[in-house]
Amino acid sequence: MNTKFMYNGIKHEGKLYKAWYSFGGNIESKTAISIQAKTYDGIPDIGLSIKNNTDVYTDYFEKDRTIVDVNHPQYKSILDAAIKKEVKNLEKYKKRNSGFVTEYVSRTIWNLQSKISEMQNLFNTI
């Protein structure tokens, strides 16, 4: 099984399954990482417990999602991908708002930097 966690999704057997990473958004664990598929292709079957409540009879469709906790064997590589995504988000945000110096922009940049720092500290302790 050839799987690699990229900043923009999961690369499995040469195919990229685009996904979002969200760090610390889980009520049960502040260190858990949520992964949600960007498309209806879903998340590949690589040992993650995937949730999808799609019901075709009622015309209700969901995209795959999963929550990965610290105890998962691939957590560190998933965390690394999530850190790379947050760094890219920060760079993009700074570039888009370079001409605007407002309290909101400064606070958002500070929040992103704090989140990245928290994730990197966790990565170094694992």
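Throughout, read-outs are computed from the coordinates displayed, never taken from laboratory work. Since the model is a prediction, treat every value here as computed from it, not as a measurement. Here the Cβ positions follow ideal geometry from the backbone for every residue, glycine too, while neighbour counts run over all protein chains shown.
Per the conditions (1) out of contact with any Asp or Glu (no Cβ under 9 Å at 6 or more places or on another chain); (2) surrounded by 15 or more Cβ atoms within 10 Å (Cβ to Cβ), the sole criterion not satisfied by Thr31 is (1). Within the stretch 51-68, identify whether any single residue is out of contact with any Phe, Trp or Tyr (no Cβ under 8 Å at 6 or more places or on another chain), of a type in the set (A, V, I, L, M, F, W, C) and in contact (Cβ under 8 Å) with a residue 24 or more places away in the chain, and answer yes or no. Within the stretch 51-68, one or more residues are out of contact with any Phe, Trp or Tyr (no Cβ under 8 Å at 6 or more places or on another chain), of a type in the set (A, V, I, L, M, F, W, C) and in contact (Cβ under 8 Å) with a residue 24 or more places away in the chain. Report, by residue number, each residue of the stretch 69-109 that is among the acidic types (Asp, Glu) and free of Cβ contacts under 8 Å to residues at least 24 places away in the same chain. Within the stretch 69-109, Glu91, Glu103 meet the criteria.
Do we find a residue being surrounded by fewer than 17 Cβ atoms within 10 Å (Cβ to Cβ), among the polar types (S, T, N, Q) and under 12 Å from the mean Cα position of the chain (by Cα) anywhere in the stretch 37-55? Checked the stretch 37-55: no residue is surrounded by fewer than 17 Cβ atoms within 10 Å (Cβ to Cβ), among the polar types (S, T, N, Q) and under 12 Å from the mean Cα position of the chain (by Cα). Selection within the stretch 70-103: residues that are more than 16 Å from Lys115 (Cα to Cα) and of a type in the set (Gly, Ala, Ser). The member of this set that is surrounded by the most Cβ atoms within 10 Å (Cβ to Cβ) is Ser77.
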